[in-house]
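Working notes, beginning with the structure itself.
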Amino acid sequence: MKHFVKIASFCGILFLIPVLTLVKTPASTSFYENRTLAVFPPFSMQQVLDGKYFPQVETYVNDHLAGRDRLLKLNTLKEFGLHAPVINNTVISGDILLPYYGTALDHYDVEAMAQELDMLQALDHYCKQHDIDFLYVSIPEQSSAFRDRYPAYLNDSRYQDDSLRVDFMAGLVGRGIDHLDMAQYLSADYKQFYSKTDHHYNLYGAYETYLRVMEYINENYCTAPVTTDLAITPLDTTFLGSRNRKLFGLFQSEDCQYTYKLTEPIPFTRYDNGSSVPATVFSESQKNMYRYYMGGDVAESIIRTNRTELTNVLVIGDSFTNALETILYTSFDEMRSLDFRYYTEKNIYEYLADYKPDVLVYVRDDLSYIVTTGNGDLG
């Protein structure tokens, strides 16, 4: 009888899990894996005959399996118990978490690089014609900064050598595009400027970037005030970095999230996606994550300080601009930021024609140089 109960229970679980998977409301993203989940594929007899339909269904079921997060967390606990050096595609190197790259590529996509450089050259040409100062800002991604922390038996880069960065920088020089390579400044102290458990720089890194951007602007474009009267302090909360999220927050770390206060606050108004929002650059409800800065990724943000004697700036980029924006607005009359992964109302040329900023700052991390979608597609 006991064996019958065990068998019946086991069969019941096997039956119940797929039923619950199919009836529960599907999520669109995975918080812990930090990625978009598969969408149930529409039925197509042609795809069935081609053998493509059911693999898509299988991917959907795998992504939305009932109890999936609990099972993944249990597996993560098991891997920690076995002291695995790589867990959930995350390399554990002392107190640093890094992405696992697997087999390094022996070359980059030459056509994609040419496409990006041509796009930037066209944008730079447009800006010069319309009296807009254009600055490309390159920031090392956290894994690039901590490249020397990879164990000797693992690849320390997505590529076998550093030719992508070298060739891309040379391409900017060859096209006469003003650019600022923050590697030369942030490399002075990666431990101070970068998160140990997140793929971004921290607020110290963002502030160093701000200082160098403003230095470049003041030396080459126009006169703008530089904010130095601020105090950066750690937040009294446990920080859940994006890499630790993939480990379900199980990695014990003293990694910090930071904030700052101005000696003399600058009043401003803020609009996100056309609607008025509270005048703050920090999201108190998300103090434990990088989304604390600017509330995370927003398609369009506008901050007005109502100091008409100052110039205006437009920032383009992904999440690397968020922490930078929390300080950059202090130097301008108006700061606007666009993230073309979400902003779809106008292309960059239409936006520039309507807004006519004095300065355009385009921020990219070194793993995104040749990504031709989202902020890599400004046509």
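When the range 228-246 is filtered for residues that are surrounded by 18 or more Cβ atoms within 10 Å (Cβ to Cβ) and assigned to a loop (DSSP other than H, G, I, E, B), the ones remaining, listed by number, are Phe239, Leu240, Gly241, Lys246.
Only residues that are in a loop (DSSP other than H, G, I, E, B), more than 21 Å from the chain's Cα centre (by Cα) and either under 30 Å from Arg70 (Cβ atoms) or without any contact (Cβ under 8 Å) to a residue 12 or more places away in the chain (or both) were counted in the range 191-227, giving 1.
Scanning the range 275-294 for residues that are open to solvent by 50 Å² or more (accessible area, probe 1.4 Å) and either assigned to a helix (DSSP H, G or I) or at pLDDT 95 or above (or both) yields a count of 8.
Among the conditions (1) without any contact (Cβ under 8 Å) to a residue 60 or more places away in the chain; (2) assigned to a strand (DSSP E or B), Tyr260 misses just one, which is (1). The set of residues in the range 228-248 being under 27 Å from Asn88 (Cβ atoms) and free of Cβ contacts under 8 Å to residues at least 24 places away in the same chain is empty.
Output the residues belonging to the range 263-274 that are assigned to a loop (DSSP other than H, G, I, E, B) and at negative phi.
Residues of the range 263-274 assigned to a loop (DSSP other than H, G, I, E, B): 263-268, 273-274.
The answer is Thr263, Glu264, Pro265, Ile266, Pro267, Phe268.
Please specify each residue of the range 355-379 satisfying the condition of being under 13 Å from Met113 (Cβ atoms) and in a loop (DSSP other than H, G, I, E, B). Once the filter is applied, which keeps residues that are under 13 Å from Met113 (Cβ atoms) and in a loop (DSSP other than H, G, I, E, B), the range 355-379 yields Asp366, Ser368, Tyr369, Ile370, Val371, Thr372. Of all residues in the range 165-190, those satisfying the criterion of being over 21 Å from the mean Cα position of the chain (by Cα), among the small types (Gly, Ala, Ser) and open to solvent by 50 Å² or more (accessible area, probe 1.4 Å) are Ala170, Gly174, Ala188.
Checking the stated criteria, Asp358 turns out not to satisfy the condition of being modelled with pLDDT of 95 or more, surrounded by fewer than 17 Cβ atoms within 10 Å (Cβ to Cβ), under 17 Å from His130 (Cβ atoms) and not small (Gly, Ala, Ser). Considering the conditions (1) touching a residue at least 24 places away in the same chain (Cβ under 8 Å); (2) closer than 27 Å to Val91 by Cβ, Gln252 is excluded by exactly one of them, (1).
Scanning the range 180-207 for residues that are under 15 Å from Arg147 (Cα atoms) and in contact with a His (Cβ under 9 Å, 6 or more places away or on another chain) yields one hit, Tyr194.
State yes or no: is Asn312 open to solvent by 50 Å² or more (accessible area, probe 1.4 Å), modelled with pLDDT of 95 or more and farther than 30 Å from Asp236 by Cα? Considered against the rule, which asks whether it is open to solvent by 50 Å² or more (accessible area, probe 1.4 Å), modelled with pLDDT of 95 or more and farther than 30 Å from Asp236 by Cα, Asn312 comes out as no.
Looking at the range 141-149, is at least one residue of a type outside the set (Phe, Trp, Tyr), exposed (fewer than 15 other Cβ atoms within 10 Å of the Cβ) and in contact (Cβ under 8 Å) with a residue 12 or more places away in the chain? Within the range 141-149, not a single residue is of a type outside the set (Phe, Trp, Tyr), exposed (fewer than 15 other Cβ atoms within 10 Å of the Cβ) and in contact (Cβ under 8 Å) with a residue 12 or more places away in the chain.
The values are calculated or read from the model by the stated rules, or taken from the named source; none is laboratory data. Since we're looking at a predicted model, the values are computed, not measured. Cβ coordinates were reconstructed from backbone atoms using ideal geometry, including for glycine residues, and neighbour counts include every protein chain displayed. Just the protein is used for accessible areas: all its heavy atoms, side chains included, with ligands, DNA and RNA removed. Shrake-Rupley method; radii C 1.70, N 1.55, O 1.52, S 1.80 Å.
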